[in-house]
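Enquirer: Sharing a structure below in structure tokens format, with a few things to ask.
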Amino acid sequence: MAAILFFSFIILIFLGVPVAFSLGLSSLFYLILADIPLNIIPQKMFGGLNSFVLLCIPGFILAGNLMNAGGITDRIIQFANNCFGHIRGGLGLANVGSSMGFAGISGTALADTASIGAILIPAMKKEGYGAGFSAAVTASSSTVGPIIPPSLPMIIVGTLASVSIGDLFLAGALPGLLLGVGLMIPTYIISVKRNYPKGERKSLKEIWKSFTGAFWALFMTVIILYGILGGYFTPTEASVIAVLYAFVIGIFVYKELPIKKIPEIMLSSMTGTASIMLLVGFANLFGWIMVSEQIPQMVADTILGISSNPIVVILLINLLLLFVGTFMETIAALVILFPVLLPVAASIGMDPVQFGVMMVLNLVIGLVTPPVGVCLFVASQIGKISIGKTAKELLPFLGVSLAVLMLVAFVPQISLFLPSLFE
């Protein structure tokens, strides 16, 4: 019966059916063939969604959309360009820097690719950068978004593992910064090799002016982390604070958020939230079926049967996740596989916070790899270039991402150092 579940799910995925509906339909096929009452569907979907922490997802999505509509993207790009524009390939470096700044606002890679890519990919092409390189830099740097706080995947991990969201946010900060800085290395090397252009060096006054313009947006991350870690409010309350903050900054500070556009922003945020919640609900149903079929025990026994060496186990887990990430959306994979693999990680002594960061970092790499790399598709579409050419240009950046992944997997302090300071 388990074979029917997975076989139908894979077929639906490759037919182009959205992941959420693929999970739901494959679960439905299983329930019908197993003669299980269908009233289990709403029960398990509600069980997956019945978490107070999940209420912060619509808040952070709305806050990010309000900030983006209020002119934040342009200000972050301007600040990053003023800092890196005078270096060879400066616009590419500014692209990565902008993603690092934008990560603290949106928490999602796709929003990063779409908003920053819409501005910088055409600008880079106009300045003489290759279309494939421009799209590759944008897509790869957008994966920083789900790592640096606030992060929607980290919220899902915290819900699944009953781990502090604040600890997970902090745990993602250093790996996110490490990934962003690491992606700047191939950006610079390739730019020098291809003699891509560089701009004029900006004065300290101009840099400071652009910083003050982006400051209020970047400060939102500080407020969220300080409030959660200081015990002033919960993650859910932090999302509400973020919405109020984004509204005030957009209306009264930046003065670029039109009141008449707010209903459209709210509708877009509700649509985005609904798609995530539907995905979580169906994934929980799918996960329940896997547990009933004892799939977690089979996976654990298989991995530990190959080797009980922690290094080998971690490598096997990462290989599995890298494969899954190529065809499954990040949040769906987290909801399904995190409860399955966490006991395996715990058996070799891995901290659940470190494992959560490793798993999120691993799965977001799938956002830029075929066949279901949504950030790869969006960046290629904006750059008006084939996915194959963009994927070829992505190889050096994937190498950096994999190197950072291995560091996070095998050096616990990279992710656990900051949370340990607040214990």
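Values in this text are rule-based calculations from the coordinates and carry no lab data. Nothing here was measured: the structure is a model prediction, and the numbers come from that model. Positions of Cβ are generated from backbone atoms using ideal geometry, with glycine treated the same way; all protein chains shown enter the neighbour counts.
Enquirer: What is the diffusion coefficient of segment 273-383 in µm²/s, taking the Kirkwood radius over Cα pairs and the Stokes-Einstein relation at 25 °C with a viscosity of 0.890 mPa s? Before the final figure, lay out each step's value.
Expert: Details: Rh = 14.8 Å.
Roughly 166 µm²/s, to the nearest whole number.
Enquirer: Spelling out what I want: for every residue of segment 264-280, take phi, set θ = phi - 60°, compute 6.51 cos²θ - 1.76 cosθ + 1.60 (Karplus), and round to whole Hz; glycine and proline get x.
Expert: 5, 5, 5, 5, 4, 5, 5, 5, x, 5, 4, 5, 5, 5, 4, 4, 5
Enquirer: Sticking with this one: Which FRET efficiency value, to the nearest 0.05, do you get for Ala34 and Leu244 by plugging their Cβ-Cβ distance into 1/(1 + (r/R0)^6) with R0 = 41 Å? Walk me through the intermediate numbers first.
Expert: Numbers: r = 48 Å, r/R0 = 1.17.
According to the calculation, E is roughly 0.30.
Enquirer: If you fit an axis through the alpha-carbon atoms of helix 72-84 and take the longest principal axis of the Cα set of the chain, what angle between them do you get, 0 to 90°, nearest 10?
Expert: 60 degrees
Enquirer: Which of the peptides 405-418, 262-275, 55-68 is most tightly packed, and how do the rest follow, judged by the mean count of other Cβ atoms within 10 Å per residue?
Expert: Sorting 405-418, 262-275, 55-68 by mean packing, highest first, produces 55-68, 405-418, 262-275.
Enquirer: Hey, in the GNM for the chain with a 10 angstrom Cα cutoff, which one of Gln354, Gln78, Gln297 fluctuates hardest?
Expert: Comparing Gln354, Gln78, Gln297 in the GNM, the peak value goes to Gln297.
Enquirer: Let me ask another. Roughly how far apart, in whole Å, are the Cα centres of segment 317-352 and segment 1-21?
Expert: 19 Å
Enquirer: Quick check: pseudo-label points 7 Å beyond the Cα along Cα→Cβ at Leu421 and Arg201, how many nm apart are they?
Expert: 3.1 nm
Enquirer: Let me ask something else about it. What spacing in nm lies between the two simple spin-label points modelled at Phe7 and Ser51, each 7 Å away from Cα in the Cβ direction?
Expert: Result: 3.2 nm between the two label points.
Enquirer: To continue, here is another question. Averaged across orientations, what area in nm² does the convex hull of the alpha carbons in the chain project?
Expert: Over all viewing directions, the chain projects a mean Cα-hull area of 20.4 nm².
Enquirer: Distance between the C-alpha centers of segment 99-158 and segment 254-304? Whole Å please.
Expert: Computed from Cα coordinates, the inter-centre distance equals 20 Å.
Enquirer: Choose one answer from Thr159, Thr212, Thr330: the residue with the largest mean-square fluctuation in a GNM of the chain with alpha-carbon springs under 10 Å.
Expert: Thr212
Enquirer: Next up: For a quick check, take a GNM of the chain with Cα springs below 10 Å and name the residue from Arg88, Arg201, Arg75 with the largest mean-square fluctuation.
Expert: Checking each option, the largest mean-square fluctuation is seen for Arg201.
Enquirer: Would you mind calculating the relative contact order of the chain from Cα pairs under 8 angstrom and at least 6 residues apart, reporting the percent as a whole number?
Expert: Numbers: 673 pairs, mean separation 108.4, N = 423.
Dividing the mean separation by the residue count of the chain yields 26 percent.
Enquirer: Taking the Cα atoms only, what angle lies between the long axis of helix 235-248 and the longest principal axis of the chain, rounded to 10 degrees?
Expert: Here the helix axis deviates by roughly 30 degrees.
Enquirer: Label segment 264-320 by shape, choosing from rounded, prolate and oblate, from the square roots a ≥ b ≥ c of the eigenvalues of the Cα gyration tensor; if a/c is under 1.5 it is rounded, and otherwise prolate applies when a/b is larger than b/c, oblate when it is not.
Expert: Working: a/c = 7.21, a/b = 2.19, b/c = 3.29.
Verdict is oblate for segment 264-320.
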